[in-house]
1. Among (1) over 27 Å from the mean Cα position of the chain (by Cα); (2) closer than 21 Å to Gly414 by Cα; (3) surrounded by 12 or more Cβ atoms within 10 Å (Cβ to Cβ); (4) of a type in the set (Gly, Ala, Ser), there is one condition Ser72 misses while meeting the rest; what is its number?
2. Quick one: would you say Phe252 is in contact (Cβ under 8 Å) with a residue 40 or more places away in the chain, within 28 Å of Ala25 (Cα to Cα) and outside the structural domain of Phe342 (by TED's automatic domain parsing)?
3. Which number in (1) among the hydrophobic types (A, V, I, L, M, F, W, C); (2) in the same structural domain as Glu40 (by TED's automatic domain parsing); (3) not in a strand (DSSP E or B) marks the one condition that Ile293 misses?
4. Answer yes or no: is there a residue in region 360-382 that is under 25 Å from the mean Cα position of the chain (by Cα), in the same structural domain as Gln297 (by TED's automatic domain parsing), aromatic (Phe, Trp, Tyr) and modelled with pLDDT under 95.
5. Which residues, taken from region 384-413, are assigned to a loop (DSSP other than H, G, I, E, B) and touching a Ser or Thr at 6+ places or on another chain (Cβ under 6 Å)?
6. Just to be sure, is Arg70 in the same structural domain as His260 (by TED's automatic domain parsing), assigned to a helix (DSSP H, G or I) and among the basic types (Lys, Arg)?
7. Collect the residues in region 246-285 that are within 15 Å of Tyr304 (Cα to Cα) and among the polar types (S, T, N, Q), keeping them in residue-number order.
8. Condition test on Ile90, is it touching a strand residue (DSSP E or B) at 6+ places or on another chain (Cβ under 9 Å), among the β-branched types (Val, Ile, Thr) and assigned to a loop (DSSP other than H, G, I, E, B)?
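The values are calculated or read from the model by the stated rules, or taken from the named source; none is laboratory data. Keep in mind it's a predicted model, so treat the numbers as computed, not measured. Glycine gets a Cβ as well: all are built from the backbone with ideal geometry, and neighbour counts include every protein chain shown.
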Amino acid sequence: MKPIELKYGAVTFSCQLPSARILQAKQLPDPPAAEYLIREALANPIDSLPLANILRPGERVAIVTSDMTRYSGSEIYLPILIAELNAIGIPDGDIEIIIALGIHRKQTEEEHRKILGSLYGRIAVYDHECDDPDELVDLGGTDSGISVQVNRRVVEADRVIVTGTVGFHYFAGFGGGRKGLVPGVASRETCMASHFAVFNPPEIGGKHPQAVTGVLEGNPVDRNLVQAARLVNPDFLLNTVLSPKKEILGVFCGDLVQAHLAGCEMVRELFQVTLDRRADLAVISCGGEPKDINFIQAQKALDYGCQAVKEGGTIILLAACRDGFGNETFFDWFRFQDLDEFEAALRENYQINGQTAHATLSKARRFRVILISEFSEEQTRKMGMEKADDLQSALDLVLPDLDKNAEIVVIPDGGMVLPVVEKKV
C-alpha cells in the first residue's frame, strides 16, 4: 500500500494504515489557467455590471484583500484587477489595498510582498486597525442592533472592491464574501457583536443549531455579517475557490451576496464528503501552512473532521502552529475548564477568540484528541488534549487499543474537507 502523506506546517509526515478510508475532495478537474478564470469572471460578473460600467476615472478605489492566514491567490488576481482599473482610467495613485486583518496581528513587510506579488512597492497597502477609533467610521446599526464601525479608508473611498476566498467556516457557514468587510475591516466591537449570535438566547443556552459549518440558511451569524457588510455598500466582489494545492479552481465576481453564494456552491460540491457511518479514529492534517499557521486557524480542521467520528472516538490532529495560538488572549480563556462556566463568561464578555477556545474545549470533552504541534505538553493539556511529538508516536498511543474491526478515516486536507454523515431513511 502506498504511504499516506500528511502535511504538517512546511513538512510532510507519512504513515501506512491499510484499513483506513481517505476522505478527500472529489476528483478535481485540471483547472484552466488562473489568469483566464479571473478575466472571464471579471468580464461576466454575477448579478452586477462589469467594472467598466461601475467605475469612473478620477474615483478613488479601495480594494480589500485577505491576510496571510487565508491564502486567496491575491498575488495572481490583484495585478489583473489593477490592470483592469488602469484600463478604465484609474491610475495606481488612486488605488489603495487594505489588508482585512479583522482582529489578527499586523502583517510583516515580507507578508505584504507575498500578498501583493508584483504590485508590491507600486500600490499603497495598509493593514486594517480594529482598535484605533481615528481609523474607523460609524455606519449606524443593523436590524439586530449591532453597531457597525468600519475602516475609514474603505468608507471614504469612492468605490470598494472586496476580494478573498470561499471555504467552509465553522460557525459562519462559509468564509469569503461579506467576511472580507465584517470582520475583515470592522472594529473589534463590531466583530464581537456580529459573531455573538453563535449562541442561543440565555434562556435556551448553548450554541445556535444553524451556526455551523456549511450552513447559511437560518444561520444568525451569516445574517449579521451580511447586514453589517451591506452598510458599507461595496461595489464589487471577487472571490476565489482553491484546491488543496492552492490552485485557483474557480473565480466568482459581482454582487456581494450572489457571487459569494455561487462560490459556496462550488465549495460544497467539491469538498463535502459523504459518509454512511462515523469512524472510531480520524487522523487529520489541516493541510499544512497556512491552514495550521496558528491554532485559531488549525481548529477549523478539528471542527470539520470531528463530524466523521463517533462520540467518544479518537482524533489525531497534525497542526504545527508555528505562529502560536493566533491571538494573545486565546489561551487565557482556558482558565475556564467547566463548559457551563465558560459559556457564562462568554455571555458576560463575548470575544471571538473565547468562542473559538470554548469550541475547542467542547470537542476535547467529546473526543479523545491527540495533538501534534509545537505547543508544550502543559499548553496542550490545558486545551483538553494530549500531546504527541510526531505522527508515529500518536498512532502508538491509539492503535494498540483499537478493535481489529475499528473504522479509521484519514483526512489529508482537514482545513478544506467537510465530512457529512448521510442519514438513512
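1. Failing condition for Ser72: (1).
2. yes
3. Failing condition for Ile293: (2).
4. Within region 360-382, none of the residues are under 25 Å from the mean Cα position of the chain (by Cα), in the same structural domain as Gln297 (by TED's automatic domain parsing), aromatic (Phe, Trp, Tyr) and modelled with pLDDT under 95.
5. Selection gives Pro412 alone.
6. So Arg70 fails the test.
7. Within region 246-285, Gln272, Thr274, Ser285 qualify.
8. Against the criterion (touching a strand residue (DSSP E or B) at 6+ places or on another chain (Cβ under 9 Å), among the β-branched types (Val, Ile, Thr) and assigned to a loop (DSSP other than H, G, I, E, B)), Ile90 qualifies.
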